[in-house]
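Read the structure below first, then the notes.
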Amino acid sequence: MLRSGGSIRRTQRINVRMPLDNPCALATTGSRATRRLPLYPSPLAARTMLCRCARRAAMLLLVTATTLRAQQPRDSTITVSPSFKSTDSVAAQAPIALTLSRMPTTAEGRIAVVVGSEDLTSLFKAAGTRLVFRANGVNLPAGDVEFTVFLDKGDEWTALATLPLHIRAPLVNKPAKVLPRIDLRNVGQLAQGRSGTTPAPDRPTFQTLNGTVGLTTSQLRDGFTLTSDTHAFGADEQRKALRYREQGDRASRIDLADYAMRFAGRQTKVALGHVSAGSNRHLINNFASRGLTASVGGARATWTVAAQNGTSIVGTDNIVGLDRGDHRVVSSGLAVEMIPGRPGALHVDATVLHSSILAEQGYTQGAILSAERSDGYGLQFAARTPSERLRVAAGLASSRSGFTDDTPPTTGGVLVSSKRNRKAAQYAEVGIALMREQKLLGAWPATLDLSLKHERVDPMFRSVASIARADIESDNVELSGNVGQVRLSISGNRTSDNLDAIASVLTTRMRSSSIVLAAPLAPLLRVAGGTMWLPTLSYSRQQQHPFGDGTPADGGFTASDVPDQLNVQQSLDAQWQLKRLQLAYHVDQSSEDNRQPGFELADMTTRTHRVTVGGRVSSSFRLALDLGVERQEFKEL
């Protein structure tokens, strides 16, 4: 074919045919000639043909797999990945992010985010598959909270994830507050009369005035708080002064009664003034005096140190309470939450004590004292299950104490230091929830708790910073709860002393028991009408039986000196609520049965009947009348 431009183009068509009788025979026809291909192609041609077939088969498989995958339904599971860990502690306005594996379709519903008990979905902005918290002036609830992500389908909410997190309280600045207070009290005698030979008093009439002035301050700034409480006492008479017993006529009529300054930071607390320290039952338990306490720590562990005056004091002489090293109580404690995410699940605390006091009476203490010194340590732990079905607590304290050299008494004689001995005290408690709103006899919902307690304090055990009765061992069991509308409490206790079994020392045993029942009759009898005429009944019975375990040898005791007495007290109450009128009837009986030789008739019985009628006349006025009859019988007389 000849075209303009001088170019010559030759075209040729090749047809490939496969005869039915011989598929391997190929015929090629062209414009000039037709030739037969050989029955077996060359190796190069065979490889080329196989490669083309393989490529076409692979493409066919790829297209088929893509088509089948497009026809399969999508995975409906949506997973949530937070930007924080469960052990993290974040600020109340932190940009928290939640990443979803995919966003739900319109037919599936919408995502809802609940923090604690508040629905804060509107504060989470969607960015692709991420939900980011934007405070916009709103803080997350402080404390240990849970982020719960729901799939909201309208009438059905499905929880996708529950994520625990600790939110730190937001920083708030508040102006300082100052709150003054004054309490005045007047005691007087307007007139006086006498007859016979009664001597005339020094003051037939008198008026005395005293009072307390207090000042309370508080300030919160950048997460730190500073508070204070101060009280001063004043009296118009010298003998009514705050420290008159200690200083006599030198005592000031206006003096400092108490004060306390407290500072609290993010993980630090400091208190100065009248403070209390210690949580060990036998070593140092809420010992109150003037001094200094400091603690540092968080949800996992807290370390506390305290230094206090040996006795309670008032006034301004020893303003800090730490002027004298030989009259001081120093303690330190470490409390650890082994499972921070669940406070109280496993709590362990250790305490160390070093104390030394002089023979000085405290402001609220009147006794003949001696100088003492005690050093000790204690360990306690407590655990409970998540449902609180089982609670366990135990503790051990060891104290080395003794009396030290002291000023000889004015009556003469010499005081000798006693040998310091190390003694121990321990306790163990178990609480078991036997039933929780379970049906009893098919109709009565019952909740019952069982408590078991054991305590032992060695003879001569003593700690300056704790009041613990030494030389005693006790066991207690208590069952409490309710069965339907009936509330009940049943307990039993046994106590014994003289643990070293010294033959010349009297051994005393104590057996006691109690039972308390209370129930409203209307719901108990399932009465619907006229319930006001059916009272609420309660009954209690306490019994104590102290007795001696034999007559001590070489102790100067006789059989009549060994106690043996049974005391029983019972009471029955009935109370009615008649609209605005209240009516109550009370019966009480107590008896003392002496059983030791020589005192068999030294018994006493008391019975009391009492009726109370009262009602509210107005919102601010109530009137009550109480009538009672009491009878006492002394068998010996």
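The values are calculated or read from the model by the stated rules, or taken from the named source; none is laboratory data. Since this is a predicted model, take the numbers as computed values, not measurements. Cβ sites come from the backbone with ideal geometry, for glycine too, and all protein chains shown count toward neighbours. The protein model used for the area step is the full one, side chains on, heavy atoms only, and it has no ligands, DNA or RNA in it. Shrake-Rupley method; radii C 1.70, N 1.55, O 1.52, S 1.80 Å.
Structure notes:
- Restricting the range 604-632 to residues that are among the aliphatic types (A, V, I, L, M) and surrounded by 11 or more Cβ atoms within 10 Å (Cβ to Cβ) leaves a set whose member that is farthest from the chain's Cα centre (by Cα) is M604.
- Top-ranked residue of the range 484-496 - restricted to ones that are open to solvent by 30 Å² or more (accessible area, probe 1.4 Å) and of a type in the set (V, I, T), ranked as farthest from A425 (Cα to Cα): V486
- Residue list for the range 435-458, filter: farther than 30 Å from S399 by Cβ and open to solvent by less than 60 Å² (accessible area, probe 1.4 Å): M435, A443, P445, A446, T447, L448, D449, L450
- Residue in the range 497-508 that is open to solvent by 30 Å² or more (accessible area, probe 1.4 Å), of a type outside the set (A, V, I, L, M, F, W, C), closer than 21 Å to K439 by Cβ and touching a residue at least 24 places away in the same chain (Cβ under 8 Å) present: no
- Hits in the range 459-476 - residues which are crowded, with 16+ Cβ neighbours inside 10 Å and either of a type in the set (V, I, T) or in contact (Cβ under 8 Å) with a residue 60 or more places away in the chain (or both): F461, R462, S463, V464, A465, S466, A468, I472
- Scanning the range 537-557 for residues that are open to solvent by 60 Å² or more (accessible area, probe 1.4 Å) and either touching a Pro at 6+ places or on another chain (Cβ under 9 Å) or not charged (D, E, K, R) (or both) yields L537, Y539, Q542, Q544, T551, G556, F557.
- Residue list for the range 217-238, restricted to those being under 18 Å from G315 (Cβ atoms), in contact with a Lys or Arg (Cβ under 8 Å, 6 or more places away or on another chain) and open to solvent by 40 Å² or more (accessible area, probe 1.4 Å): Q238
- Where strands (runs of 3 or more DSSP E) fall wholly inside the range 111-191, the ranges with 3 or more residues that are within 30 Å of G214 (Cα to Cα) are 174-189.
- Meets criteria (exposed (fewer than 14 other Cβ atoms within 10 Å of the Cβ), outside any strand (DSSP E or B) and in contact (Cβ under 8 Å) with a residue 24 or more places away in the chain) for L601: yes
- So S117, is it open to solvent by 30 Å² or more (accessible area, probe 1.4 Å) and touching a residue at least 60 places away in the same chain (Cβ under 8 Å): no
- Among the residues listed as I502, I472, I515, I467, the single one being over 30 Å from R526 (Cα atoms), of a type in the set (V, I, T) and touching a Leu at 6+ places or on another chain (Cβ under 8 Å): I472
- Flag if G196 is open to solvent by less than 40 Å² (accessible area, probe 1.4 Å) and modelled with pLDDT under 90: no
- Odd one out for K153 among (1) open to solvent by less than 60 Å² (accessible area, probe 1.4 Å); (2) more than 30 Å from Q219 (Cβ to Cβ): (1)
- Evaluation of S591 against (1) open to solvent by 50 Å² or more (accessible area, probe 1.4 Å); (2) modelled with pLDDT of 90 or more (one fails), failing number: (1)
- The range 276-305, subset under 13 Å from V330 (Cα atoms) and among the β-branched types (V, I, T), residue least open to solvent (accessible area, probe 1.4 Å): I284
- Pair list, Cβ under 6 Å, 6 or more apart: the range 296-319 residue touching a residue at least 40 places away in the same chain (Cβ under 8 Å), other residue surrounded by 20 or more Cβ atoms within 10 Å (Cβ to Cβ) and in a loop (DSSP other than H, G, I, E, B): G310/H327; V314/L242
- Selection from the range 239-256 of residues that are open to solvent by 40 Å² or more (accessible area, probe 1.4 Å) and either within 30 Å of R168 (Cβ to Cβ) or of a type outside the set (G, A, S) (or both): R239, K240, Y244, R245, E246, D249, R250, R253, I254
- Condition check for V178: in contact (Cβ under 8 Å) with a residue 12 or more places away in the chain, of a type in the set (A, V, I, L, M, F, W, C) and open to solvent by 90 Å² or more (accessible area, probe 1.4 Å): yes
- Identity of the residue in the range 97-110, more than 16 Å from A135 (Cβ to Cβ) and assigned to a strand (DSSP E or B), that ends up least open to solvent (accessible area, probe 1.4 Å): L100
- Cross-chain or 6+ apart pairs with Cβ under 6 Å, the range 353-382 first and over 11 Å from L283 (Cα atoms) and modelled with pLDDT of 75 or more, then assigned to a loop (DSSP other than H, G, I, E, B) and charged (D, E, K, R): S356/D326; A359/D406; S370/D406; A371/D406
- Matching residues in the range 209-242 - criterion: being in contact with a helix residue (DSSP H, G or I) (Cβ under 9 Å, 6 or more places away or on another chain) and closer than 22 Å to H274 by Cβ: N210, A235, A241
- Among the residues making up the range 578-588, those that are surrounded by 14 or more Cβ atoms within 10 Å (Cβ to Cβ) and either out of contact with any Leu (no Cβ under 7 Å at 6 or more places or on another chain) or hydroxyl-bearing (S, T, Y) (or both) are Q582, L583, A584, Y585, H586, D588.
- Scanning the range 194-243 for residues that are of a type outside the set (A, V, I, L, M), in a strand (DSSP E or B), touching a Ser or Thr at 6+ places or on another chain (Cβ under 9 Å) and more than 30 Å from V296 (Cα to Cα) yields a total of 2.
- Any chance V587 is closer than 30 Å to N482 by Cα, assigned to a strand (DSSP E or B), touching a strand residue (DSSP E or B) at 6+ places or on another chain (Cβ under 8 Å) and without any contact (Cβ under 8 Å) to a residue 24 or more places away in the chain: yes
- Considering (1) of a type in the set (V, I, T); (2) exposed (fewer than 15 other Cβ atoms within 10 Å of the Cβ); (3) closer than 30 Å to A518 by Cβ, the lone condition that V568 does not fulfil carries the number (2).
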